[in-house]
Amino acid sequence: MVLTRETRLDMIARDHSQEMASRETIYHNPNVAEQIGSYSYAGENVGMGPDCETIHAAFMASTGHRENILDSDFQQIGIGVALGSDDTVYVTEVFMAPRDGEAPRGGATPKEAPPCRCPK
């Protein structure tokens, strides 16, 4: 399955990245399930580092992050990037499979990989 960008998910991811940048730390969005709304399957990656390329390489080297990126059940993605006051890059990726009348897979809580910090 090919992931397609979803504007609403982009906004959720962008807002969370901006919040992390303003707090100068990374953490999973505690409200992501509520913000996404109806879905059958969802996930989230968060990371920080010197640039997007380094963060993406770290995501791909991390089992949980890589699983989210390559999970063929996800159909949509939203990506948010924000720059901190010290030029640290903060990234949020929100993944979703829309609900098609089925019960949420794995419960209502989105799949979260541990936060990913990249060395500067």
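The values are calculated or read from the model by the stated rules, or taken from the named source; none is laboratory data. Given the structure is predicted, the values throughout are model-derived calculations rather than measurements. Cβ atoms come from the backbone with ideal geometry, glycine included; neighbour counts cover every protein chain shown. Keep in mind that these areas ignore ligands, DNA and RNA; they rest on the heavy atoms of the full protein, side chains included. Shrake-Rupley method; radii C 1.70, N 1.55, O 1.52, S 1.80 Å.
Quick notes on this structure:
- Subset of region 21-42 (residues that are farther than 14 Å from Ile79 by Cα, open to solvent by less than 60 Å² (accessible area, probe 1.4 Å) and in a helix (DSSP H, G or I)): Ala21, Ala33
- Taken over region 92-120, residues that are at pLDDT 95 or above and touching a Ser or Thr at 6+ places or on another chain (Cβ under 6 Å) amount to 1.
- First in region 28-46 and closer than 27 Å to Ala61 by Cα, second anywhere and open to solvent by 40 Å² or more (accessible area, probe 1.4 Å) and outside any loop (DSSP other than H, G, I, E, B), Cβ under 6 Å, 6 or more apart: His28/Glu112; Gly43/Lys111; Glu44/Glu112
- Within region 64-83, considering residues that are small (Gly, Ala, Ser) and modelled with pLDDT under 95, the one most open to solvent (accessible area, probe 1.4 Å): Ser72
- Cβ-Cβ under 8 Å pairs, at least 6 apart or on other chains, region 1-17 side open to solvent by less than 90 Å² (accessible area, probe 1.4 Å) and part of a helix (DSSP H, G or I), far side at pLDDT 95 or above and acidic (Asp, Glu): Ala13/Glu93
- Asn45 fulfils the conditions (1) assigned to a helix (DSSP H, G or I); (2) at pLDDT 95 or above; (3) closer than 20 Å to Arg14 by Cβ; (4) not aromatic (Phe, Trp, Tyr) except for a single criterion, (1).
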